[in-house]
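Have a look at the structure below before the remarks.
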Amino acid sequence: MLQYKKIEIFTSEEARWQGQPLYAAVVQFVHDLKIAARCLVTRGIEGSYESGEIATGRLEVLSYNMPVRITIIVPAFESERILSKAEEMVTDGVVAVQDLSVISHKTRGILIPRQTRVRDIMTLNPQKVSLEASLAEVARLLLSSTFTGLPVVDAENRPAGVISQGDLIYKAGMPMRLGLLAESDRPQVSAVLEALAPRQAKEVMTRPAVTIAQDSLVTEAIDLMLSKKVKRLPVVDEAGRLVGILSRVDVFRTSMRETPDWHAFQKQSIAVDNLRFASGIMRRDTPTVSPDTPVDEVIRIIDRNDIQRVCVVDQEGHFLGLIADRDLLAAFSDRHPGIWDYFASKIPFTERGRRHKHLQRHLEVKTAGEVMNSNIVTVLEDAPIDEAIRLMLERAIKRLPVVDSEGKYKGMVSRDSLLRAGFASSLRSA
């Protein structure tokens, strides 16, 4: 048997706490505790109060101040947190508590409440550009931001398209991704911006814009992101005007704000169904190299994979560090300016070596162990998915290496895999 408490509050519809109905305030308070409690509010059809007032729906003695009962079922060791606050909140009513033996407590590990609307979590007043904005303006805005895409709006502030990093690279000829360009020397950045300046956003944007209505459920927005393979959605009002932006990060932040500690629930003998772990959502195809792998081979691997990074592991598979293209740029840019060409997307790899023979020889001698970043946050493979979300949000990282209890590398969690495995509709309806 599990030892629980049943807390009951007998009050009325007119009872208030800080300007809102008492029953609503109590429900919100219990919700915000993020504990294994269930709360139920019932409204009576008739009753009486100490004052002599009778509450009834009968027409001859009609009274709208109906009796209300708030019932809270909570593990015994958490009950005092509720009782101490309830005594303060209930200025008109009765608070009662009794022991309760619970046979079983089961719940589902849902990451976002089903009723959450897009308007509740979207980013207001998002950055945007006009159809006539120069691509240099677009690139400057993105270089100074944490995001890699912008809505493009018409004169009525309606999204006409979206311009992303991919549009700038594949349609406008930007030579490298924004994160890497931001690490480059000022003359190189200036040259790229100058080349982009003659063209306008409307020439390269992806159209039509994939938008979501502000009153839509967040679950619908997530499904749209996944089906359309987009990282963010412009949010529109009833007239189709831009009012916000919903990104994957907005979804993850909401999850961390709303979701209890499911792992702690399990320790309390509460059966949590549908709980996902890092091992179940990670990608297993991230390339790995040994510490003595030449840097030129590391660059070749990065050049042909889609996540711009390589994991360094020892002979037993223990995770040692990570190498991203920006690590290489930082390691060589001071003494070898030609390293910039190695990450310019339009230059064939063999041509890069011919242009910079001295650098090429240096890259063949330098090893992965010498340039890797060993100060990398990892997550255990048996960590719940919300732990991975927390780490990625707190550290502002897009990729999270997964290791076992011995520190051996197992895979990589990405924002896309988090969204797909943790929030997909098939998971929610399971």
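The values are calculated or read from the model by the stated rules, or taken from the named source; none is laboratory data. Just so it is clear, the structure is predicted and the values come from calculations on it, not from any experiment. Cβ coordinates were reconstructed from backbone atoms using ideal geometry, including for glycine residues, and neighbour counts include every protein chain displayed.
When you go through VAL210, VAL243 one by one, which is the residue that is within 21 Å of the chain's Cα centre (by Cα), surrounded by 16 or more Cβ atoms within 10 Å (Cβ to Cβ), assigned to a loop (DSSP other than H, G, I, E, B) and at pLDDT 90 or above? Quick ask: steps written out before the conclusion?
Numbers: VAL243 fails: assigned to a loop (DSSP other than H, G, I, E, B).
Criteria check complete, one pass: VAL210.
A quick yes/no check of all residues on (1) surrounded by fewer than 16 Cβ atoms within 10 Å (Cβ to Cβ); (2) more than 25 Å from the chain's Cα centre (by Cα); (3) among the charged types (D, E, K, R):
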| residue | (1), (2), (3) |
| --- | --- |
| VAL118 | no, no, no |
| ALA139 | no, no, no |
| PHE147 | no, no, no |
| GLU156 | yes, yes, yes |
| MET174 | no, yes, no |
* Asked: Has region 181-192 got any residue that is touching a residue at least 60 places away in the same chain (Cβ under 8 Å), touching a strand residue (DSSP E or B) at 6+ places or on another chain (Cβ under 9 Å), part of a loop (DSSP other than H, G, I, E, B) and not assigned by TED's automatic domain parsing to the domain that holds ALA331?
  -> no
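Kindly establish whether ASP223 is surrounded by fewer than 20 Cβ atoms within 10 Å (Cβ to Cβ) and either at pLDDT 95 or above or not in a helix (DSSP H, G or I) (or both).
It is false that ASP223 is surrounded by fewer than 20 Cβ atoms within 10 Å (Cβ to Cβ) and either at pLDDT 95 or above or not in a helix (DSSP H, G or I) (or both).
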* Asked: Restricting the search to region 1-42, which residues are within 30 Å of PHE265 (Cα to Cα), in contact with a Lys or Arg (Cβ under 9 Å, 6 or more places away or on another chain) and either of a type in the set (Ser, Thr, Tyr) or part of a strand (DSSP E or B) (or both)?
  -> GLU8, ILE9, PHE10, TYR23, LEU40, VAL41, THR42
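One line per residue, one yes/no per condition, for (1) more than 30 Å from ASP237 (Cα to Cα); (2) in contact with a Ser or Thr (Cβ under 7 Å, 6 or more places away or on another chain); (3) of a type in the set (A, V, I, L, M):
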residue: ASP92; (1), (2), (3): yes, yes, no
residue: VAL95; (1), (2), (3): yes, no, yes
residue: PRO126; (1), (2), (3): no, no, no
residue: ALA139; (1), (2), (3): no, no, yes
residue: GLY149; (1), (2), (3): no, yes, no
residue: ASP154; (1), (2), (3): no, no, no
residue: GLY161; (1), (2), (3): no, yes, no
residue: LEU168; (1), (2), (3): no, no, yes
residue: ARG177; (1), (2), (3): yes, no, no
* To do: Scan region 52-61 and give yes if some residue there is at pLDDT 90 or above, surrounded by fewer than 16 Cβ atoms within 10 Å (Cβ to Cβ) and not in a loop (DSSP other than H, G, I, E, B), otherwise no.
  => no
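Mind listing whichever residues of region 316-342 are closer than 30 Å to GLY407 by Cβ, among the acidic types (Asp, Glu) and at pLDDT below 95?
Here is the first cut: in region 316-342, the ones closer than 30 Å to GLY407 by Cβ are 316-332.
Add one more test, that the residue is among the acidic types (Asp, Glu), and what stays is 316, 325, 327.
Correct list: ASP325, ASP327.
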* To do: Report whether or not GLU132 is among the acidic types (Asp, Glu), out of contact with any Leu (no Cβ under 7 Å at 6 or more places or on another chain) and farther than 30 Å from ASP327 by Cβ.
  => yes
* To do: Within region 19-40, track down each residue that is touching a strand residue (DSSP E or B) at 6+ places or on another chain (Cβ under 6 Å) and surrounded by fewer than 15 Cβ atoms within 10 Å (Cβ to Cβ).
  => ARG38, LEU40
* Among the helices (runs of 4 or more DSSP H) contained in region 249-341, which hold 3 or more residues that are not hydrophobic (A, V, I, L, M, F, W, C)? -> 262-267, 295-304, 325-332
* Asked: Can you name the residue in region 246-260 that is crowded, with 16+ Cβ neighbours inside 10 Å and of a type outside the set (A, V, I, L, M, F, W, C) and is also nearest to ILE35 (Cα to Cα) among such residues?
  -> PRO260
* With respect to the numbered conditions (1) touching an Asp or Glu at 6+ places or on another chain (Cβ under 8 Å); (2) closer than 14 Å to GLU203 by Cα, which one is the sole condition not fulfilled by PRO113? -> (2)
* Structure fact -> LEU359 meets each of (1) at pLDDT 90 or above; (2) surrounded by 15 or more Cβ atoms within 10 Å (Cβ to Cβ) with one exception, condition (1)
* Structure fact -> Looking across region 82-118 at residues that are within 27 Å of ARG276 (Cβ to Cβ) and basic (Lys, Arg), the single one that is modelled with the lowest pLDDT is ARG114
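Would you point out which residue out of ASP99, ASP167, ASP185 is under 30 Å from ILE302 (Cβ atoms) and loosely packed, with under 14 Cβ neighbours inside 10 Å?
ASP185 is the lone residue from the list that is under 30 Å from ILE302 (Cβ atoms) and loosely packed, with under 14 Cβ neighbours inside 10 Å.
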